[in-house]
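Colleague: Just passing along the structure, written as structure tokens.
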2 protein chains.
Amino acid sequence: MGASIREILASKGPAEGVAVRGWVRTRRDAKGFSFLEVNDGSCLGSVQVIVDAGVPGSDDLPGMTTGSAVEAVGDLVESPGGGQAWELRATRVALVGGAPDDYPLQKKRHGPEFLRQIAHLRPRTNLFGAVFRTRSLLAHAVHRFFEERGFVWVHTPIVTASDCEGAGEMFRVTTQEVGGGKDSPEDDFFGKSTYLTVSGQLEAETFACALSKVYTFGPTFRAENSNTTRHAAEFWMIEPEMAFCDLGGDMDLAEEFVKVLVRAVLEGPADDFGLFSRFVDKGLEERLKFIVERPFERVSYTEAVAILEKSGRKFEYPVAWGENLQSEHERFLTEEHFECPVTVHDYPEAIKPFYMRRNDDGKTVAAMDVLVPGIGEIVGGSQREERQDVLERTLAADGLGSGYDWYLDLRRFGTVPHAGFGAGFERILMLVTGVQNIRDVIPYPRTPGHCGP
Amino acid sequence: MGASIREILASKGPAEGVAVRGWVRTRRDAKGFSFLEVNDGSCLGSVQVIVDAGVPGSDDLPGMTTGSAVEAVGDLVESPGGGQAWELRATRVALVGGAPDDYPLQKKRHGPEFLRQIAHLRPRTNLFGAVFRTRSLLAHAVHRFFEERGFVWVHTPIVTASDCEGAGEMFRVTTQEVGGGKDSPEDDFFGKSTYLTVSGQLEAETFACALSKVYTFGPTFRAENSNTTRHAAEFWMIEPEMAFCDLGGDMDLAEEFVKVLVRAVLEGPADDFGLFSRFVDKGLEERLKFIVERPFERVSYTEAVAILEKSGRKFEYPVAWGENLQSEHERFLTEEHFECPVTVHDYPEAIKPFYMRRNDDGKTVAAMDVLVPGIGEIVGGSQREERQDVLERTLAADGLGSGYDWYLDLRRFGTVPHAGFGAGFERILMLVTGVQNIRDVIPYPRTPGHCGP
């Protein structure tokens, strides 16, 4: 294996016998020597390798075309050029695997649509390499955030027999033949109809009522036929859940979560972040610093509606108490009115699901959304209804019945105030990279009509 | 939220105004005062709370039964009893949520079958609390292992149109009606037939051929109708993949991986591990130290077969070159013959899948399995076939055709030697806890006929 190019470029001094292994980005031939830019995906940067004519392996230089795999061994010396600190003077080179002329990633720039069609090759480009390194960095930051705070990671199930919160259309999972007509769930693999999960929240609640602080981080699914830049059929969600916690504690955690994740990217590799802030979204750094540096404003839904109504602004969707806030409303609040991240709380009961805790006013529930500039809602959560009689009423009102006995058991046996939230991982990744299309932050995106390798 | 009981029990000195929130494990009433054992799932231990008759809230003591939720505030003082360092002298208590007499987890011991039927309550028991805390600890250790070594975590897709390695029966994922007769994949959500993934390896290879070192850690699925203590329909797998790596480097990583994970549990919370080693499996500590302390022996499949044949041992399954090693053979090698963990390499081509690299002997492939005592195979991996012409032959021999163009592209464009392995997360968790049934290490296990919440 040897050292990665990230490690080599971070070298503290010159070194002999250094091996560079990677893929050629470009080759330039000069009189008596050639330059190879070699990248191994461990970082954005490439190592410049100087190959003098005549060193062992240099006969294969013509085959070292863009996309080919090479190995070069030599001396790491200070680079006279301004681009980077170190370059490699090869004492030998080897062509490991060639790339013929039809290699799709020649030096010219490629559009995102074209690159989506070659999802198996696009991580070899600068942009997608940076996106997927950042995806990993952010995912590790998610785990670190919760681990440091004593949360237990719970692997809630992917295949489920309950339709959870009725949060959206579900995929059926089956070993029966497909095609309609003679569905016999009792003969199916699990002896009943099963689906891909839309949320691990209810199961996470059962673990929070045992281990106090838990979270999930895993794939979730929606069979919604929406072809937008924000929707994918398969995406990753983060769902913490805390016992002995009310809406205030929930908002505290959510706001800290957003700040810590944004900070992790700002403090991550400067080259990847620099690519996003220079080439993807010139306002990125300013927007992220805005989130990290400003305290979050908290405002009730009722106050937020009053602010929007008094704003004199013409919105595409009218503002009215009892209606959902639209993205344009959310962005007005965070970008223009408060000029800081905003947490809106206590939403109308009628637009929220059965499990959210009913407030004493008889009109609202203990729900909250965290809004950030450029995106709008980034986190949504609530205090959960812990009173058995109230929960039975709200379940019945939503037409949900006996399948929730286990969920009601949490309220029968040692019920406690508890709260949690859900955050779409890709939405956060789009926030911190500036990438506008969810298909470009998922290794192999699944959308209606698209399930390529 | 306040401090967890884990933090309170680790207190460096006495303290006033400490709040304990959790669930009552037991209550004992004495003359003029009561003892409450309160647990919040943050650790195995409970805090003993002494409630004098007459302190505010003590009227509710009769309701503070096993399973009820309580809050107690008071002074943390040295415990005169031997059990633990600290106890709480309550200045006030409150009953948060009662638990009626039909609470299923009364003090008596419950069998695992009964507890599986109340999977939503079982994490409140000592054993399952310890198992799921250890599951989280081990999962975090997996990520740390790879993050420290510069691996990028890749979220390979769950829903897939390719049947990967033909590794097993697959679940169909559909939005069509179910029941047989008129399957029209072109009208399905993705415009083709789709399934739940059995492995992310092939997709991980595409990312390794761009970012050099990657891994997956996520759910995988088998629709196999096996009702054993080792099989679940949904389980988590870890699959690293490294470019510029051969079988030797792959074995190095796999052996280090096993040792580091076992050590993470040995060095984790002593109370949870103590429960496993005292009550679940008395040989556990010895077996795990065996794995951590001994160097791994490496032996070729051919040598292993010779050893087994010469052993004079009567095996249930006969030993013959060309046949798979059975668990009894694997355990003989590691537990009796070598008395250390064993890595077996270079297996017969005929029993291994198309993507493993063909060796020059024309008979074997560059595959390897890591064997540990008590379990047998814990990791399986291989160097991948990087030669385009050979891979085209092995694909054709397995009857796999045009759907693998993208996979062949890795060999067309800058092909490199690369290798990786797969490890079943639950199998490792069973190894480190001594728990014998996979249903007891998964929060909500999915097996034939069982998909409960």
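Please treat every number below as a calculation from the coordinates, not as lab data. Quick caveat: nothing in here was measured; it's all calculated off a predicted structure. Note: ideal-geometry Cβ built from the backbone for every residue, glycine included; neighbour counts use all protein chains shown.
Colleague: Restricting attention to the range B:1-50, which GluC sites (Glu not before Pro) occupy a DSSP loop and are surrounded by at most 16 other Cβ atoms within 10 Å?
Modeller: For GluC sites (Glu not before Pro) across the range B:1-50 that sit outside H, G, I, E and B with at most 16 neighbouring Cβ atoms in 10 Å, the list is empty.
Colleague: Now a separate question. At 7 Å along Cα-to-Cβ for each site, give me the label-to-label distance between residue A:92 and residue A:286 in nm.
Modeller: Label-label distance for residue A:92 and residue A:286, simple model: 5.5 nm.
Colleague: Please state the charge dipole magnitude for the range A:5-97, taken about the Cα centre, from unit charges on C-beta atoms (+1 on K and R, -1 on D and E), reported in debye and rounded to the nearest 20.
Modeller: Value, rounded to 20: 180 debye.
Colleague: State, as an integer percentage, the relative contact order of the range B:5-97 based on alpha-carbon contacts under 8 Å between residues 6 or more apart.
Modeller: Over the range B:5-97, the number comes to 32 percent.
Colleague: For the residues B:430, A:242, what sequence is obtained by ranking on other C-beta atoms within 10 Å, fewest first?
Modeller: Neighbour counts put them in this order, fewest first: B:430, A:242.
Colleague: Mind giving me the FRET efficiency for residue B:437 and residue A:79? R0 is 45 Å, r the Cβ-Cβ distance, nearest 0.05 is fine.
Modeller: 0.15
Colleague: With +1 assigned to the C-beta of every Lys and Arg and -1 to the C-beta of every Asp and Glu, and no other charges, what is the dipole magnitude of the range B:326-453 about the Cα centre in debye, to the nearest 20?
Modeller: Dipole of the range B:326-453, to the nearest 20 debye: 400 debye.
Colleague: Give me the net charge of residue B:11's neighbourhood, meaning all other residues with Cβ under 13 Å from the Cβ of residue B:11; Lys, Arg count +1, Asp, Glu -1.
Modeller: Here the charged neighbours net out to -3.
Colleague: Now for a different question. Shortest first and in nm with one decimal, please list how far the residue A:283 label point sits from its counterparts in the other copies (point 7 Å along Cα→Cβ).
Modeller: Ordered by distance, the counterparts are at 6.6 nm.
Colleague: For residue B:403, go 7 angstrom from Cα along the Cα-to-Cβ vector, then report the distances to that same point in the other copies in nm, smallest first.
Modeller: Spacings between copies for this position, smallest first, are 3.0 nm.
Colleague: How high is the FRET efficiency between residue B:309 and residue B:405 when r is their beta carbon distance and R₀ equals 41 Å, given to the nearest 0.05?
Modeller: Plugging the Cβ-Cβ distance into 1/(1 + (r/R0)^6) gives 0.40.
Colleague: Also, I was wondering about something else. Count neighbours as other Cβ atoms within 10 Å of each site's Cβ, and list the trypsin sites (Lys or Arg not before Pro) in the range A:104-154 that are DSSP loop with at most 14 such neighbours.
Modeller: Answer by residue number: A:107, A:108, A:109.
Colleague: Right, something else. Can you check what the net charge comes to around residue A:350, using other residues whose Cβ is under 11 Å from the Cβ of residue A:350 (Lys, Arg +1; Asp, Glu -1)?
Modeller: Summing Lys and Arg as +1 and Asp and Glu as -1 gives 0.
Colleague: Largest first and in whole Å, give the semi-axes of the range B:145-242's equivalent ellipsoid, each being the square root of 5 times a Cα gyration tensor eigenvalue.
Modeller: 29, 18, 9
Colleague: Test of understanding: express the Cα radius of gyration of the protein assembly as shown as a ratio to 2.2 N^0.38 Å, with N the residue count.
Modeller: Relative to the rule-of-thumb radius for its length, the protein assembly as shown sits at 0.99.
Colleague: Largest first and in whole Å, give the semi-axes of the range B:122-440's equivalent ellipsoid, each being the square root of 5 times a Cα gyration tensor eigenvalue.
Modeller: Taking √(5λ) for each Cα gyration eigenvalue gives 32, 26, 20 Å.
Colleague: Give A:213/A:259; A:182/B:182; B:213/B:289; B:259/B:282 a once-over and call out the pairs whose C-alpha atoms are over 22 Å from each other.
Modeller: B:213/B:289
Colleague: Distance in whole Å from the A-onto-B rotation axis to the closest C-beta of chain A, together with the residue it belongs to, please.
Modeller: For chain A, the closest residue to the axis carrying it onto B is A:181, 2.
Colleague: So what is the relative contact order of the range B:90-241, in percent, for Cα pairs below 8 Å that sit 6 or more residues apart?
Modeller: 20
Colleague: Run lengths n ≥ 4 of DSSP H only: what is the helix-derived mean residue ellipticity at 222 nm for the protein assembly as shown, with -39500 (n - 2.57) per run over all residues, to the nearest 500?
Modeller: That comes out to -8000 deg cm²/dmol.
Colleague: If you don't mind, another one. What are the label-to-label distances in nm, one decimal and shortest first, from residue B:126 to the same spot in the other copies, with labels 7 Å along Cα to Cβ?
Modeller: 6.1
Colleague: Please give me the summed charge of the neighbours of residue B:113: other residues whose Cβ is under 14 Å from its Cβ, Lys and Arg +1, Asp and Glu -1.
Modeller: +3
Colleague: A further question follows. Rounded to the nearest 5, what % of DSSP beta bridges with both residues in chain A are antiparallel?
Modeller: Around 90 percent antiparallel, to the nearest 5.
Colleague: Can I ask one more? What ranking do B:153, B:406 get, fewest neighbouring Cβ atoms within 10 angstrom at the top?
Modeller: In increasing order of surrounding Cβ atoms, one gets B:406, B:153.
Colleague: Give the dimensionless ratio obtained when the Cα radius of gyration of the range A:5-97 is divided by 2.2 N^0.38 Å.
Modeller: Against the empirical 2.2 N^0.38 Å value, I get 0.96 for the range A:5-97.
Colleague: Shifting gears a bit: Where in the range A:226-296 are there GluC sites (Glu not before Pro) that are in a DSSP coil and have at most 16 other Cβ atoms within 10 angstrom of their Cβ?
Modeller: Answer by residue number: A:267.
Colleague: I would also like to ask the following. With an 8 Å Cα cut-off and a minimum separation of 6 or more residues, compute the relative contact order for chain B in percent.
Modeller: Reported relative contact order: 13 percent.
Colleague: So what are the ³J(HN,Hα) numbers for the range A:231-242, from phi and the Karplus equation (6.51, -1.76, 1.60; θ = phi - 60°), rounded to whole Hz, Gly and Pro as x?
Modeller: Values, residue by residue: 10, 9, 6, 10, 8, 9, 10, 10, 9, x, 8, 10 Hz.
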